[in-house]
Structures are given as C-alpha cells and as structure tokens.
Amino acid sequence: MTRGPRDVAVTGLAMITPGGPTADSTWDSMCTGQSLARTDPHLTGLPVDISCHIDDFDAFSELGRPLARRLDRTAHLTLVAARQAVTDAKLDPAHWPSERVGVILGVGGNSLQNYGREFALLTQGRPAAVSPMALPRSVPNMVAAEVSLDLGARGPGFTVASACAGGATAIAVARQLLLAGSCDIVLTGSGESGRCRMGATCFSQLGALSRRTDDPASACRPFDRQRDGFVLSEGAAILALELPDHAVRRGARIRALLRGCASSSDAYHPVAPHPEGDGAERAIRAALADAGCTPADVGHVNTHGTSTPAGDAAEARVLLRVFGAAPPPVTASKSVLGHALGASAAIEAALTVLTLERRQIPPTANCHAQDDGRALDVVTGQPRTAEIDVAISSSFGFGGQNTVLVLTTP
C-alpha cells in the first residue's frame with residue numbers, strides 16, 4: 001500500500017508464549033488451531049486450576065542468575081522478548097542513538113506472583129524475611145525501566161495501564177512519540193504472567209474463568225455459544241517501531257505499517273463490557289478514520305475474543321454493525337494461547353503483523369456453533385490463505401478501556 005504521513009514501521013517483533021519461545025514457534029502453534037490449556041500445578045487446590053503456561057523458558061540461562069533472581073516472571077519474559085525484538089530488527093544497542101530510543105510498555109497487573117509470598121511473610125511476623133526487591137517489583141514502571149537498563153535505551157521510558165488493552169495502548173502511545181519527533185526508535189508491547197494464585201482466585205470469583213477443568217483443551221471457546229469464560233495465560237510480545245524513513249535509511253526490513261490507532265472508554269461498568277459494545281465500536285471507527293481506511297478495506301480482524309458470554313456477544317454485535325452482514329474473517333488468539341491479560345493485546349498485535357506478512361489467518365479453537373443471529377466469519381480448523389492488506393487488532397479491558405490498532409502491509 002502507499003505509505004501515509006502518519007505511518008509507523010514495524011521493523012522487529014518477538015513473542016514468548018505458551019506456543020513457544022519465539023515468534024515463529026508461537027505462529028506454528030496458532031496455526032494448529034488447538035488450545036494449549038492444561039492443568040497447572042501452580043494453581044493446585046483452586047476452584048479453577050487450568051492455564052496456558054510456558055514450560056520451555058529458563059530465566060537463569062536466558063538472563064543469568066543474579067538478574068533473574070532480582071526480577072519476577074513478568075520481567076523475565078518481557079526482557080528476553082525485548083532482546084529478541086532488537087535482534088529481529090537488526091538494531092545494535094552498542095551503536096544506536098540511545099537518547100532517541102524509547103521503551104513504552106503496557107501493564108495489566110504487576111508482579112502479582114510475588115505479592116502473596118511477601119505479604120505472607122509479613123503476616124507471619126517475619127518482616128526481616130521480606131525481600132527488599134518486593135517494592136521495586138511492585139512499581140508499575142519497573143519492567144519498562146529494566147528493559148531500558150538492559151539495553152541502554154535512554155529516551156522516554158514508561159508504562160501505560162489499561163488492563164487487558166495495555167499492550168495495545170502502549171503501542172499506540174509509542175506511535176505518537178515517533179510521530180511527535182520525540183524518538184527515532186521505540187520498543188513497545190507488554191509482558192505478563194496471569195498464573196498468580198490470588199489473581200486466579202479473584203477472576204474465578206468474578207465468574208470470568210472457564211470451569212471446564214476436566215477438559216482444559218476445550219475450555220476456551222471464543223464466540224461459541226457454549227463459552228463460559230477464559231483461561232489464564234502468560235507471555236510477552238515486543239515490537240520495534242520506527243518512522244519509515246528512518247527504517248529505510250538504515251536498511252531495515254519493514255514488516256508492516258502501523259497506520260492507525262484509537263482508544264475509548266465505555267464509562268459503563270468496572271468489569272463488564274457495555275452490552276452493545278459502544279466504546280469498542282467508537283474505537284474501531286476512530287482507528288479506521290485515523291488510518292484513512294474504510295470498513296471495506298479491512299481484510300481481517302484479530303478479535304479480543306476472551307470467551308466470556310457477555311464480552312463475545314458485545315464484540316460480535318460491534319463487528320456486525322461496523323462491517324455489515326458479511327464482516328471480514330476473524331480469529332481469536334486466546335482460544336489457543338489463553339489470556340495473558342495486559343500482554344495479550346501485544347501478542348495479538350504481533351500475530352496480526354505475521355498474518356499480513358504470511359497471508360494466512362490462523363484458526364480459532366473450539367468454535368463450533370455461534371450465538372443465533374450473530375454469525376461472524378470465524379476461521380476454524382485450518383489456517384485460511386487470504387490476500388490481506390489491512391487488518392485490525394482489537395483489545396478491551398476492565399474499566400471499559402478499549403484500544404484498536406490498524407496494521408497494513410508495507
């Protein structure tokens with residue numbers, strides 16, 4: 001496509017997910033169309049004890065023992081993904097203009113894995129056993145700070161919080177920094193581990209998690225009429241963004257263009273989506289307008305698709321209103337990879353880039369029959385080959401916070 005004045009180039013990406021420790025392995029897992037959910041020993045004894053979790057990741061070997069011990073699981077995943085994204089973009093931190101390199105990350109919940117342990121020590125009357133690192137781990141900006149420290153990125157660095165839209169919101173903010181001339185390069189996205197006993201308990205109490213613990217692989221079923229909630233997950237995805245001219249000058253490969261972004265708030269309920277998807281629709285329409293695109297231009301939607309009864313119903317209504325009776329083919333990545341909370345939005349943005357590159361739409365797992373009157377073109381079974389030039393990635397979070405990204409071929 002012809003480049004526009006507000007385009008930002010994606011020159012590198014990385015993913016670490018239950019599907020694999022790289023972007024390619026994650027893509028391959030997505031293309032199987034099979035859920036990765038299984039019983040999680042870390043959640044034993046809880047009402048919902050299943051998750052999609054990463055087995056083949058050793059923080060000590062990836063980061064070294066001193067650094068790995070100082071950080072938590074979320075930071076481990078994010079830091080390694082950031083290193084991978086830099087390598088994929090063929091950037092060299094030893095020679096880049098460090099003052100012009102930003103790090104903007106999204107967060108859903110920070111360091112939840114450690115809160116319970118540290119508070120337990122305190123309530124046991126053992127304050128001397130509490131880790132002094134509990135405080136910096138709990139500060140929401142610290143994962144972005146750790147990436148900046150590790151890579152020597154001395155430009156703007158901070159975290160944005162918009163719940164499960166966090167990774168997408170970070171990408172949108174990163175684009176604004178580039179367009180404003182504040183940076184030449186921004187590393188952006190999110191990492192998070194939802195495998196926290198307190199978090200899992202709270203989501204269960206809210207009724208947000210699937211109760212199909214006897215058959216984990218069938219538990220997450222976005223847009224299926226028998227859906228009953230999502231499956232917790234973990235992972236990280238980082239994109240390297242630059243202005244197209246900057247990327248061309250250094251001979252970088254432009255993998256996709258981030259052409260438009262928009263965010264909105266439902267102002268409806270703390271944890272429930274607006275039943276008609278009012279805020280989500282406004283975000284989709286505004287993102288398309290920002291990109292200079294119409295609904296007819298869109299060839300694919302990577303949906304939020306959490307597998308909750310209310311959330312999927314609202315999202316389906318929105319897509320049918322925006323795109324009409326024949327919306328573009330959609331996929332729901334959480335059906336395979338689970339819901340990594342704030343990181344899911346970044347993972348789905350990265351998957352959307354790969355969809356554009358490879359001209360394939362990965363399938364959705366466990367979608368057998370949709371709600372009456374809300375038939376979306378959900379890709380199932382096998383990947384679908386399609387000539388796609390424009391795709392959107394939609395992410396919605398608690399608090400009614402919505403962010404939509406419009407990505408195109410270079």
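Read-outs throughout are calculated quantities, based only on the coordinates presented, and are distinct from any laboratory measurement. These figures come from a predicted structure and were not determined experimentally. In this analysis, Cβ positions are derived from the backbone assuming ideal geometry, glycine residues included, and neighbour counts consider all displayed protein chains.
Give the peptides 318-331, 158-171, 220-233 in descending order of average Cβ contacts within 10 Å, highest first.
Highest-to-lowest ranking by the protection proxy: 158-171, 220-233, 318-331.
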Those GluC sites (Glu not before Pro) from the stretch 309-362 that are DSSP loop and have at most 13 other Cβ neighbours within 10 Å turn out to be none
Sort the following peptides by mean Cβ neighbour count (other Cβ atoms within 10 Å, averaged over residues), highest first: 68-78, 121-131. 68-78, 121-131
Give me the percent of DSSP beta bridges within the stretch 258-410 that run antiparallel, rounded to the nearest 5. 70 percent
Relative contact order of the chain, pairs being alpha-carbon contacts under 8 Å that are 6 or more residues apart, as %: 25 percent
If amide H atoms are modeled at 1.01 Å from N in the peptide plane, then the residues at a separation of 5 or more from L232, or on another chain, having amide H under 5 Å from its own are C52, H339
Sort out for me the Cα centre separation of the stretch 257-287 from the stretch 183-203, rounded to whole Å. 20 Å
Surface/4 of the Cα convex hull for the chain, nm²: 18.5 nm²
Can you compute 3J(HN,Hα) from phi for each residue in the stretch 26-40, using the Karplus curve 6.51 cos²θ - 1.76 cosθ + 1.60 with θ = phi - 60°, rounded to whole Hz and x for Gly and Pro? 5, 4, 4, 5, 4, 6, 6, x, 10, 5, 9, 5, 7, 4, 10
Separation of the stretch 332-393 and the stretch 294-321 by C-alpha centroid, Å? 11 Å
Order these peptides, 302-312, 7-17, 185-195, by their mean beta-carbon neighbour count within 10 angstrom, highest first. 185-195, 7-17, 302-312
Rounded Å value of the spacing that divides the Cα centres of the stretch 216-230 and the stretch 148-168: 32 Å
Calculated [θ] (222 nm, deg cm²/dmol) that DSSP helices of n ≥ 4 give over the chain, each run adding -39,500 (n - 2.57): -10500 deg cm²/dmol
